[in-house]
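Asker: Mind looking over this structure? Questions follow.
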Amino acid sequence: MTGPALSLRGVSTHYGSVLAVDGVSLDVAPGELYALLGLNGAGKTTVMRTVLGMVRPAAGSVTVLGHGLGHGRGDRPVWSRVGYLVEAASAYPELTVRENLEVARRLHRLRSRTAVPEAVELFGLGEYADRRARALSRGNLQRLALARAMLHRPSLLVLDEPVNGLDPAGVVEVRALLERLAREHGTAILLSSHILGEVARVADRIGVLHRGGLIDEFSTAALPARVRHRLELTTRDDARAVQVLAAAGYAPRREPHAVVLGEERATLRPDAVAAALVHGGVPPTGLAVVREDLETYFLRLVGARPPQEGSRDR
Ligand code: ATP
């Protein structure tokens, strides 16, 4: 198909008097992995519920696989090409894993007899295939829900916090699976998370949602250039080092275990900083250019103060 798999234009969604999504516009291309990143309550789930026609937006438009949502029967055909996992993973508790997938296969009117065994295999559910869903661990229930969402190889997948509850091996598996679906099958994937470090590993593009609004959008490849760097120094006399550096025109900050310089002039030329300290009689005993942690960057982006920085800029 040409054009985006998913397109939102000026979408606003309310719950009563609560404005949960505020004028959001975004596009997800076929084969693209797009992550909505936001703190709790930012509006991620509501964007997804709006995309899936579960709630009707008060303003704006949603186009799914070329079909403008009208919130009526006319929308029906498009849903057969959409897969989703939004809110808590659920399954028929008394049915086994295999039976749950079989129900999904029939609902999707899939003829393929191999779809269920393939999904069982793909999601590492072989050991649990004959176990009732109510007896599954949270992680395996999540695998089942993901397997069900992808069973019919949808063209658009909408996944709210897809790796929630998975162990590290599960996270890696799901990430690889999503990448394969996007790259090999051209599936457009909209997923959400509140962990930048996690989505940076899988998403092509990241949209930052804050208080219902999309406040930033960038390609994951651009991320390294966006995060700040800092030069951390240790010396035998930090108070003196701060004086020497300030006299040399830097803006040093004293932290409990290091003297820190945030300016590019220092991070790009740590040798010049070392030379200034040697010249001032306080040679560095340690010196490192440290990249800002992704979560610190994210909190800075949304204007929240990272907890570990509480004592820094006093
Ligand atoms: P989380 O990461 O915690 O799941 P989120 O980014 O998915 O958060 P939403 O669940 O979309 O955020 O919530 C957005 C806002 O809408 C919040 O202020 C929330 O309290 C409110 N909200 C969500 N669901 C409802 C509802 N059913 N009725 C009223 N307000 C709601």
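Asker: From the list 2, 13, 63, pick out the single residue that is more than 13 Å from the ligand (Cβ to nearest atom) and part of a strand (DSSP E or B).
Answerer: Checking each option against the conditions leaves just 63.
Asker: Next question. Please state which of the following conditions residue 238 fails to meet, knowing it meets all the rest: (1) touching a strand residue (DSSP E or B) at 6+ places or on another chain (Cβ under 7 Å); (2) in the same structural domain as residue 86 (by TED's automatic domain parsing); (3) without any contact (Cβ under 8 Å) to a residue 60 or more places away in the chain.
Answerer: Of (1) touching a strand residue (DSSP E or B) at 6+ places or on another chain (Cβ under 7 Å); (2) in the same structural domain as residue 86 (by TED's automatic domain parsing); (3) without any contact (Cβ under 8 Å) to a residue 60 or more places away in the chain, only one is false for residue 238: (2).
Asker: Is it true that residue 91 is surrounded by 21 or more Cβ atoms within 10 Å (Cβ to Cβ), over 30 Å from residue 43 (Cα atoms) and in contact (Cβ under 8 Å) with a residue 24 or more places away in the chain?
Answerer: Spelling it out, it is not the case that residue 91 is surrounded by 21 or more Cβ atoms within 10 Å (Cβ to Cβ), over 30 Å from residue 43 (Cα atoms) and in contact (Cβ under 8 Å) with a residue 24 or more places away in the chain.
Asker: Out of the residues in region 25-51 that are in contact with a helix residue (DSSP H, G or I) (Cβ under 8 Å, 6 or more places away or on another chain) and within 11 Å of the ligand (Cβ to nearest atom), which is farthest from residue 158 (Cα to Cα)?
Answerer: Looking at residues that are in contact with a helix residue (DSSP H, G or I) (Cβ under 8 Å, 6 or more places away or on another chain) and within 11 Å of the ligand (Cβ to nearest atom), I get 38.
Asker: Let me ask you something else. Select from region 17-56 the residues that are farther than 20 Å from residue 205 by Cα and of a type in the set (A, V, I, L, M) and list them in ascending order.
Answerer: 18, 19, 20, 52, 54, 55
Asker: State whether one or more residues within region 220-228 are over 30 Å from residue 36 (Cα atoms) and either among the aliphatic types (A, V, I, L, M) or assigned to a strand (DSSP E or B) (or both). Walk me through how you get there before you give the answer.
Answerer: Restricting attention to region 220-228, the residues satisfying the condition of being over 30 Å from residue 36 (Cα atoms) are none.
Looking for residues that are over 30 Å from residue 36 (Cα atoms) and either among the aliphatic types (A, V, I, L, M) or assigned to a strand (DSSP E or B) (or both), one finds none in region 220-228, hence no.
Asker: Can I ask one more? Quick test for you: out of 202, 171, 163, 158, pick the one residue that is under 13 Å from the mean Cα position of the chain (by Cα), crowded, with 20+ Cβ neighbours inside 10 Å and over 20 Å from residue 27 (Cα atoms). Please lay out each step first, then the result.
Answerer: Numbers: 202 fails: over 20 Å from residue 27 (Cα atoms); 171 fails: crowded, with 20+ Cβ neighbours inside 10 Å; 158 fails: over 20 Å from residue 27 (Cα atoms).
Just a single option satisfies the conditions, and that option is 163.
Asker: So which residues in region 110-155 are among the aromatic types (Phe, Trp, Tyr) and either under 21 Å from the mean Cα position of the chain (by Cα) or not in a helix (DSSP H, G or I) (or both)?
Answerer: Of everything in region 110-155, just one residue is among the aromatic types (Phe, Trp, Tyr) and either under 21 Å from the mean Cα position of the chain (by Cα) or not in a helix (DSSP H, G or I) (or both), namely 123.
Asker: What about residue 75, is it in the same structural domain as residue 194 (by TED's automatic domain parsing), away from the ligand (no atom under 16 Å from the Cβ) and in a strand (DSSP E or B)?
Answerer: No: the conditions fail for residue 75.
Asker: Being closer than 15 Å to residue 215 by Cβ and of a type in the set (S, T, N, Q) is the filter here, so list the residues in region 18-61 that pass it.
Answerer: Residue satisfying the conditions is 25 alone.
Asker: Considering region 216-236 alone, what residues qualify as being under 17 Å from residue 286 (Cβ atoms) and modelled with pLDDT under 95?
Answerer: Result: 229, 230.
Asker: Could you figure out which of (1) at pLDDT 90 or above; (2) farther than 18 Å from residue 270 by Cα; (3) more than 16 Å from the ligand (Cβ to nearest atom); (4) not acidic (Asp, Glu) isn't true of residue 176?
Answerer: (1)
Asker: Test of understanding: among 80, 112, 7, 61, which residue is at pLDDT 90 or above and over 22 Å from residue 219 (Cα atoms)?
Answerer: Among 80, 112, 7, 61, only 61 is at pLDDT 90 or above and over 22 Å from residue 219 (Cα atoms).
The values are calculated or read from the model by the stated rules, or taken from the named source; none is laboratory data. Owing to the predicted nature of the structure, the values given are computational and were not obtained by experimental measurement. For neighbour counting, all protein chains shown are included, and Cβ atoms are generated from backbone atoms with ideal geometry for every residue, glycine included.
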